[in-house]
Amino acid sequence: MAIVRTTSGGGSVLISTVLAAAAPVLKKPPSITDDQIAQVFLDIAIIVVVARLVGMAFVKLRQPAVIGEIIAGISLGPSLLGQLPGHLDKEVFPTDVRPYLKLVANVGLIIFMFIVGLELDVKLIRGKEKAAAAISLSSVALPFGLGVLLALWLHDRHGVVDGKAVKLLPFALFIGASMSVTAFPVLARILTDRGMHRTQIGALTLACAAVDDILAWSMLAVVLAVVNSTGSLDLPIILAETLAFVAVLFLVVKPLLKRLVPWFERSGRLTPNILAVIVVGFLLSAYITDHIGIHAIFGAFVFGVVMPREGSQALLSEILDKLEQVSVLLFLPVFFISTGFGVDVTGLGADGLNELAAVLAVAIVGKFVGASLAARGLGFRARKAAAVGLLMNTRGLTELVILNVGVTAHVLDAKLFTILVMMAIVTTVMTEPLLRLVYPDKMLARDVAEAERLALGIIDAYRVVAVVEPQGSEPLVEVGVALLGREEPSELLLTRFEKSGTRNEVGAGLLSQLSGIAAGFEALQALVRQARAAGAQSQVRSQASADPAQDLLLQAEAVEADVLVLSPDDPSAATVLAGADCTVILATGGYTEGPVSVRPGPGDDGLAAIEQALRIALRHNAPLVLVVSGDKRNDKRAEELLPRLQSIGMTVSSGPASGLTVAGKEGGGPAQLLVRGRKQDKGESLFRLVDELTAAPAR
């Protein structure tokens with residue numbers, strides 16, 4: 001390793017550490033010409049364009065963009081570009097510039113591993129420890145065991161790498177570890193894209209993947225310690241140094257990192273200085289673990305794990321967004337092409353295809369059977385257990401990282417590396433389409449609804465759902481409380497959907513979602529306290545959503561909402577008015593006291609407006625005014641209802657509007673509350689309410 005000195009101590013550390021991360025590739029920095037520098041720039045531009053185009057195409061195929069980018073990287077190597085006349089892979093990516101591309105790739109690899117650690121939150125496991133442990137251990141133990149058995153067969157064929165024999169023990173351990181991987185980031189992306197993270201299965205699988213990540217990286221660290229140990233004392237020394245490094249990070253560095261949270265809060269943003277501390281931290285950690293002998297990726301990963309979690313969602317989200325902008329666009333595509341240089345699908349031959357079939361069989365059967373059988377043992381039905389098995393079989397980019405480590409450690413030859421890369425791609429691409437077969441959208445929608453009911457502790461009650469925001473929703477809460485009328489039992493559900501921003505392509509995106517939810521949590525709790533102070537049973541539900549309108553409709557159905565209240569300025573308003581199977585009210589003002597006026601308008605919406613105005617008047621013992629509009633049909637309806645409402649003890653009169661005004665959606669005129677009645681109701685709810693009041697006079 002060569003260290004470049006600068007006048008700035010921080011710059012010296014950063015440059016030396018980046019070179020250390022590339023040490024497996026560049027034992028000493030070779031001289032580089034201006035032509036080579038220009039070629040590197042051109043190559044990176046080509047890589048970025050191809051990666052983005054293929055990644056976007058795969059998104060349209062319902063695959064994570066990163067899988068398309070992996071395939072793009074392989075295509076630019078000998079597997080496709082190299083098959084064209086003139087060996088274009090070597091023309092476009094000359095051999096003498098590839099070490100510099102590898103340097104860029106290693107930086108991307110370190111950033112990715114930091115992101116993986118950053119998104120690994122043990123809170124995902126809480127409450128699911130036993131189930132997650134059972135499924136994870138089964139889904140690791142079975143493929144690991146089968147992988148070791150497979151290695152006994154493969155070792156005779158691939159036991160020599162770069163002219164040196166590979167010992168059976170590290171070879172078998174590495175093949176077993178590579179069979180056992182589940183890619184947490186890609187799995188989380190699949191779950192969030194389908195909304196499965198809101199179901200019992202999705203939450204459990206995320207927890208299992210988190211446990212799998214810990215097990216897989218721990219196993220790989222041990223394997224590399226075995227590979228890099230040359231004497232009888234080397235292995236215990238490497239393991240002891242690794243444990244000491246982890247202990248220092250958790251006991252010393254982690255408390256210091258907590259100071260970043262108040263620093264971030266005082267600054268109001270992720271400043272360059274805060275980001276510099278984090279970047280230097282994971283680069284130094286990468287250098288230390290590389291020096292220990294267990295590869296640089298482990299240092300970056302563990303540094304991500306020890307980042308503060310309490311009260312830091314906004315900070316972590318900004319870190320992830322900033323790093324992904326650079327990592328996804330620039331560094332990782334170069335990592336994929338560096339991987340692609342070592343993959344030659346055309347050179348597999350008949351024997352290679354047989355080995356690929358065997359590797360796929362072991363990888364798929366081991367993961368699927370291990371995870372699904374454990375899920376069945378925990379009481380899950382066959383389809384849900386199969387869904388768990390398919391999800392845990394996702395390997396993606398995490399597998400590529402492990403395989404590249406195997407190449408660097410001289411455990412894998414080029415042919416076996418190609419086979420294992422193909423396995424990683426196949427097992428990831430197959431997940432989404434097979435998941436839709438065993439766990440179709442109808443089953444998913446039903447489970448999401450069930451999860452909503454369980455999360456909210458749904459009881460059989462008259463339920464008003466109000467769509468609120470952390471600021472300015474007090475009038476909506478007033479209206480929501482008033483609309484409960486005198487129903488018993490009744491409940492006001494305050495719901496908020498945090499619009500998902502630009503989706504992360506590598507990270508799961510859960511951090512940014514949690515950040516938006518957490519930011520408004522205390523304000524939403526204040527709204528709950530407002531509702532409870534007004535005498536209403538109330539609770540709050542806040543979640544991230546890529547499509548708030550559709551998720552609101554699903555939630556309203558799941559909780560069996562009687563009334564939905566939202567602002568007319570809400571972007572979901574038009575969709576909700578058209579699709580909700582309950583009464584919908586667009587509210588532009590609140591209600592505290594005074595008369596309630598209703599301007600019915602024609603049709604069923606007019607009857608629904610009278611019903612809701614009556615409920616508000618009942619709740620607040622307020623007089624009800626049936627507005628004379630000058631429309632003969634509407635005025636006649638008011639005259640017919642007037643004596644009946646008076647007969648149940650209501651203070652009802654006809655005349656001009658005063659106080660809060662309620663109107664039917666069609667033809668009701670201006671009003672603070674605009675009502676669209678329940679579909680096909682035809683006034684039945686109003687007449688049923690009046691009948692109930694007649695049987696039990698107003699209090």
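Annotation for the stretch 181-224: trypsin sites (Lys or Arg not before Pro) lying in DSSP loop with at most 11 further Cβ atoms inside 10 Å of their Cβ do not exist. The length gained by stretching the chain between Leu149 and Arg688 to full extension, at 0.36 nm per residue less their Cα-Cα distance, is 186.9 nm. Relative to the longest principal axis of the Cα atoms of the chain, the long axis of helix 65-75 makes an angle of roughly 30 degrees. Of the peptides 378-386, 142-150, the ranking by mean beta-carbon count within 10 Å, highest at the top, reads 142-150, 378-386. Given Ile44, Tyr462, Gly268, which one lies farthest toward the positive end of the charge dipole of the chain, if we put +1 on the Cβ of every Lys and Arg and -1 on the Cβ of every Asp and Glu? Sorting the options by dipole projection puts first Tyr462.
Relative to the longest principal axis of the Cα atoms of the chain, the long axis of helix 474-483 lies at roughly 60 degrees.
Here the chain carries DSSP beta bridges of which approximately 15% are antiparallel, counting only pairs with both residues inside. Cross-link check: pairs Lys499/Lys679; Lys322/Lys499; Lys130/Lys367; Lys442/Lys665 evaluated at a Cα-Cα cut-off of 26 Å; pairs beyond the cut-off: Lys499/Lys679; Lys442/Lys665.
Could you rank the peptides 235-248, 582-595 by their average count of other C-beta atoms within 10 Å per residue, with the highest value first?
Output ranking for 235-248, 582-595: 582-595, 235-248.
Relative contact order (percent) for the chain, with alpha-carbon contacts under 8 angstrom and 6 or more residues of separation? Rounded, it is 14 percent for the chain. About its Cα centre, the dipole of the chain is roughly 700 debye, where the only charges are +1 on Lys and Arg Cβ and -1 on Asp and Glu Cβ. For Ser658, the residues whose amide H sits under 5 Å from its own are Ser597, ignoring neighbours fewer than 5 places away on the same chain, with H placed 1.01 Å from N.
If r is the Cβ-Cβ distance from Glu560 to Glu469 and R0 is 35 Å, what FRET efficiency results, to the nearest 0.05?
0.90
Restricting the GluC sites (Glu not before Pro) of the stretch 279-363 to loop positions (DSSP other than H, G, I, E, B) with no more than 10 neighbouring Cβ atoms within 10 Å leaves Glu310. For the stretch 27-120, trypsin sites (Lys or Arg not before Pro) are listed when DSSP marks them as loop and at most 10 other Cβ atoms sit within 10 Å of their Cβ; the list is Lys27. When the Cα positions of Met56, Pro143, Gly342 are compared along the charge dipole of the stretch 9-439, Pro143 comes out farthest toward the positive end, with charges on each C-beta of Lys, Arg, Asp and Glu. Each label point was placed 7 Å from the Cα along the Cα-to-Cβ direction; for Ala546 and Ile46 their separation is 3.3 nm. Among 68-74, 252-258, 540-546, 415-421, the peptide with the highest mean count of other Cβ atoms within 10 Å heads the list, and the full ranking is 68-74, 415-421, 540-546, 252-258. Extension gain for Lys499-Asp234 works out to 90.2 nm (0.36 nm per residue, less the C-alpha to C-alpha distance).
Relative to the dominant Cα principal axis of the chain, helix 234-248 is inclined by about 30°. You can think of it this way: the chain between Ala358 and Gln680 has 110.0 nm of extra reach, that is 0.36 nm per residue less the Cα-Cα gap. Calculate, for Leu53 and Thr651, the FRET efficiency according to 1/(1 + (r/R0)^6) with r their C-beta to C-beta distance and R0 41 Å; round to the nearest 0.05. The pair Leu53/Thr651 has a calculated efficiency of 0.05.
Readers should treat all values here as calculations from the given coordinates under stated rules, not as data from a laboratory. As the structure is a computational prediction, the values presented were derived from the model and not from experiment. Here the Cβ is made from the backbone with ideal geometry for all residues, glycine too, and neighbour counts use every protein chain on show.
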